[in-house]
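The structure appears right after this line, and notes come after that.
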Amino acid sequence: MARVCEICGKRPLRGYNVSHAHNRTKKISYPNLQKVRILAPTGQVKRAKVCTRCIRSNKITKAP
């Protein structure tokens, strides 16, 4: 199950948690993905994993 937005392609970010003593531990920040029913450009209803930024900025149209 890929954690990628189907509209903008946003993916998980990799980095480090850095403590005050500068100990580094790996971390992954995942995008906030939601399963949403959308209207595809072909006019059919499709279920897609979309990040909340795409939902808020009206890059998709929700299916009724």
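Taking residues in the stretch 44-61 that are farther than 14 Å from P31 by Cβ, and partners anywhere that are surrounded by fewer than 13 Cβ atoms within 10 Å (Cβ to Cβ) and among the small types (G, A, S), the pairs with Cβ atoms closer than 9 Å and at least 6 places apart or on different chains are K46/A40. Scanning the stretch 1-57 for residues that are surrounded by 12 or more Cβ atoms within 10 Å (Cβ to Cβ), small (G, A, S) and not in a loop (DSSP other than H, G, I, E, B) yields one hit, A48. Pairing each residue of the stretch 15-37 that is more than 22 Å from V4 (Cβ to Cβ) and among the basic types (K, R) with any residue that is surrounded by 10 or more Cβ atoms within 10 Å (Cβ to Cβ) and modelled with pLDDT of 95 or more, provided the two are 6+ apart or on different chains, yields C-beta distances under 6 Å for R24/Y16; R24/V18.
The values are calculated or read from the model by the stated rules, or taken from the named source; none is laboratory data. In this text the structure is predicted, and so the values were computed from the model without any measurement. Positions of Cβ are backbone-derived with ideal geometry, glycine not excepted, and every protein chain shown enters the neighbour counts.
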